[in-house]
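Data block below; observations after.
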Amino acid sequence: MKRSLLIVFLAFGLASCAEMGGVVGGVASMAAATGYISSSQANSLVRAGTAVAKTMEDITPSQEYYIGRTVSAGIVSRYPVKDNPVANHYLNLLGQVLVASSEKPSSTFKGYHFLLLDTDEVVAFAAPSGFVFVSKGMIKLCKNEDDLAAVLAHEIGHVQHSHALGAISTSRITSALTIIASEGAQAAVGGVVGELTQLFEGSIDDITQTLVNSGYARGQENEADATAIKIMQRVGYDPAALIRVLETMKVKVQPGATGFTSTHPEPDDRIADIRPLLPQSLTAMAANANRDQRFGKMLAAL
């Protein structure tokens with residue numbers, strides 16, 4: 001029975017929501033009937049299973065918006081917001097132009113929001129529902145508007161592919177399985193069940209940790225890069241700017257530093273993945289005086 005309970009939880013990652021509820025309910029009833037656990041513990045087990053199932057349900061745009069706001073609150077509690085109307089206005093104008101050329105320009109509940117963080121750390125985040133944050137340090141790393149467009153388009157790519165929402169479900173289920181594995185046979189009874197229930201019904205700090213500390217998987221970063229290239233081409237920005245930003249990071253951002261280097265794959269790895277995605281006929285784009293002037297004015301205001 002102990003082994004069966006563990007297998008049931010391991011199956012959560014493969015089962016549908018309906019299957020999860022039915023299976024865990026049946027196992028809990030069997031465990032209670034045989035005296036392995038009490039009826040109250042069986043009820044707790046069912047609640048934990050239901051909570052797991054909820055993490056796998058589709059999230060509506062309005063729910064995603066409030067999740068995004070909560071995650072954003074966690075980000076701004078770590079990094080102060082830069083009160084700079086000129087820079088933030090510029091950031092939002094540029095961001096909205098890029099959003100308009102994305103594959104989901106109107107899929108968020110209340111649109112995209114771009115905000116400048118007052119830190120020299122090189123960071124950029126995209127919370128669910130289109131809350132995008134870029135630091136002073138990241139902007140100062142960019143040489144022109146095309147470079148900054150590459151950074152924003154990459155973050156828009158994360159929103160477009162719902163990477164942050166995926167982090168919520170994955171991290172919570174992984175945490176549950178970690179608890180079960182570490183507790184062994186005692187995982188399905190007593191206080192551990194309560195811990196599992198709280199895990200799935202609690203806060204969404206896990207997604208903030210993914211954005212700020214652990215980062216996305218390389219495959220997700222590649223997907224966001226590929227999306228950024230498409231968006232930039234549609235708008236008329238140089239898609240090779242994405243490689244230029246990564247090459248600048250190799251030079252100016254020290255290995256092991258907090259921020260970008262701790263949450264993203266190695267620049268060389270990403271560059272190798274990006275190069276085949278660039279148009280074969282791509283030629284160097286001429287300098288754009290208007291873009292340079294806009295970018296310079298914003299940079300001077302930082």
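What follows draws every value from the coordinates through simple rules; no lab data is involved. Values in this document were obtained by computation on a predicted structure and should not be read as measured data. With ideal geometry, Cβ positions are generated from the backbone for all residues, glycine too; neighbour counts draw on all protein chains shown.
A simple count of charges around residue 68, restricted to other residues whose Cβ falls under 13 Å of its Cβ and scoring Lys, Arg +1 and Asp, Glu -1, yields 0.
Label-to-label distance for residue 302 and residue 233 is 2.9 nm, based on points extended 7 Å past Cα in the beta-carbon direction. The residues packed around residue 152, meaning those with a beta-carbon under 12 Å from its beta-carbon, carry a net charge of -4 if Lys and Arg are +1 and Asp and Glu are -1. Take each peptide in 83-89, 111-117, 133-139, 148-154, count the other Cβ atoms within 10 Å of every residue, and average; sorted highest first, the result is 148-154, 133-139, 111-117, 83-89.
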